[in-house]
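To start, the structure under review is shown below, and the notes come after it.
Values in this text are rule-based calculations from the coordinates and carry no lab data. Here the structure is a predicted model, which means the values were calculated and not measured. Note that each Cβ is placed from the backbone with ideal geometry, even for glycine, and that neighbours are counted across all protein chains shown.
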Amino acid sequence: MKQHTSYGDPARFVTHIHVAQDCLDLPYTQEIIARAKLPVTVVPERGVPAIAGEYPFNLTAGKHHLLLCRNRGTFFKPCPGTREYRCCDYQVLNIGMNCPMDCVYCILQAYLNNPWLSFFVNIEDLFHELDQGLDSEPDRFFRIGTGEFTDSLAIDSLTNLSSRLVEYMAKRPNAVLELKSKSVNIENLEGLDHRGRTLVAWSLNSGPIMEREEIRTATLEERLAAAKQCAQWGYRLAFHFDPIIYHEGWEEGYKATIDRLFQVVPAESIAWISLGALRYLPPLKQIAADRFPASRFFYEEFIDGLDGKRRYFRGQRVEMYKVILERLRLYAHPRTCMYFCMENDTIWREVFGFAPEEYGGIPAMLDRSVGWEPKSPT
């Protein structure tokens, strides 16, 4: 399978660090500055980097710039799913905003309004929020991810946040952490006593999509090699076929990726695999057309979903899902949970043959895949 040439560590795309004045003296800030060895500009408290041009046309330039600042909002909160589609009850840990990689379909282009990368250095507040949240419901199981507004590992070579999170989660019996990435920055995960409380996950796609539409990401072979290495270090794995994109040769492309996945990665190490067809906020089409004029996949037929996002027609989604699920079922371990991200019960029944509630709901299905069973009432 042809693949694009990897950029390597996507953090190398960062060429300048900006630091909010009120964060400059934090030990963690100084640790990142020392590790990065990049030019540093101090901006006023609540100040922002000066990036020439207007958003979104300055996004490419903005990805060279990393702002170290405080998160003045909430670190730990539920995933912003919608009532109209089945959600997995994921909990988001917001470590920063934006990403040095540049996927054509990235929803953040239409969701954010700042071109630079932000990373939150007030991590004492982050861990305090985690303490409060996990301690307040000791009998509830939390699946937590850092990949909602950024890539979990893309700049980990600069921040080394992953090791802190893994060591924290190792002491938390009622939660698991998922680190989801399109990079292969796994060096900081080696040698940690993770106790099975952290999963390492990768987004995968058809070869032509990964080659043409995922800029500065790791190749398929690099992602799978990193996954195999993490499995050897004892981590459970997860994979996300999301967004599934219709394109010429899509069937062969997704089958080839799945075949290669199970040739390299031990099936018993995979906790879950998600499927989700392309969906996007309406403004994203024009943003992507302006930034990536050679891309054509936004010019297929779409309908407006109940959540305000555009989606493929139901029949097309079902066709793609059936092909991909059939291939996955050839190889997947019986304990691996395969599920849809943001689909309704009708699609579930057409493709999987059941609705999630028949098995206790998506959250319960995922919890069981990592060994959590709720305590029986006494």
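Remark: relative contact order (region 265-335) = 41 percent; criterion is Cα-Cα distance under 8 angstrom and separation of 6 or more residues. Relative contact order of the chain: 17 percent, from C-alpha pairs under 8 Å at least 6 residues apart in sequence. Note on region 154-265: along the principal axes its Cα atoms extend 47, 27, 22 Å, ordered by decreasing extent. Per-residue Karplus couplings for region 95-112, computed as 6.51 cos²θ - 1.76 cosθ + 1.60 with θ equal to phi - 60°, are listed in order as 9, x, 9, 6, 7, x, 6, 8, 7, 4, 8, 4, 5, 4, 4, 9, 9, 8 Hz, Gly and Pro entered as x. Ordered from longest to shortest, the equivalent ellipsoid semi-axes for region 70-369 are 28, 23, 20 Å, each the square root of 5 times a Cα gyration tensor eigenvalue.
Any chance you could count the Lys pairs in region 70-369 whose alpha carbons are under 20 Å apart, treating pairs 8 or more apart or on different chains as valid? Numbers along the way, then the final one.
Numbers: K77/K180; K180/K228; K182/K228; K182/K255; K228/K255; K255/K322; K285/K309.
The result is 7.
Put a dot 7 Å past the Cα of Q21, heading toward its Cβ, do the same for E300, and the two dots end up 5.1 nm apart.
If you take every residue apart from R72 with its C-beta less than 13 Å away from the C-beta of R72, what net charge results, scoring Lys and Arg +1 and Asp and Glu -1? Show your work: numbers first, answer last.
Numbers: positive: R46, R70; negative: D22, E45, D125, E129.
Net charge around R72: -2.
Region 8-22 and region 304-373 have their alpha-carbon centroids 38 Å apart. Note on region 222-356: the alpha carbon radius of gyration divided by the globular reference 2.2 N^0.38 Å gives 1.14.
When only the Cβ of Lys, Arg, Asp and Glu is charged (+1, +1, -1, -1), the dipole of the chain relative to its Cα centre reaches about 320 debye.
Simple spin-label estimate for R164 and M365 gives 3.6 nm between the two label positions (7 Å along the Cα-to-Cβ direction from each Cα).
Return the calculated 222 nm mean residue ellipticity for the chain, to the nearest 500 deg cm²/dmol, obtained by summing -39500 (n - 2.57) across DSSP H runs with n ≥ 4 and dividing by the residue count. Don't skip to the answer; put the middle values down first.
Numbers: 13 runs with 122 residues, N = 378.
The per-residue figure over the chain is -9500 deg cm²/dmol.
Per-residue 3J(HN,Hα) values for region 118-123, derived from phi via the Karplus relation 6.51 cos²θ - 1.76 cosθ + 1.60 with θ = phi - 60°, read 10, 9, 8, 9, 7, 6 Hz in sequence order (x marks Gly and Pro).
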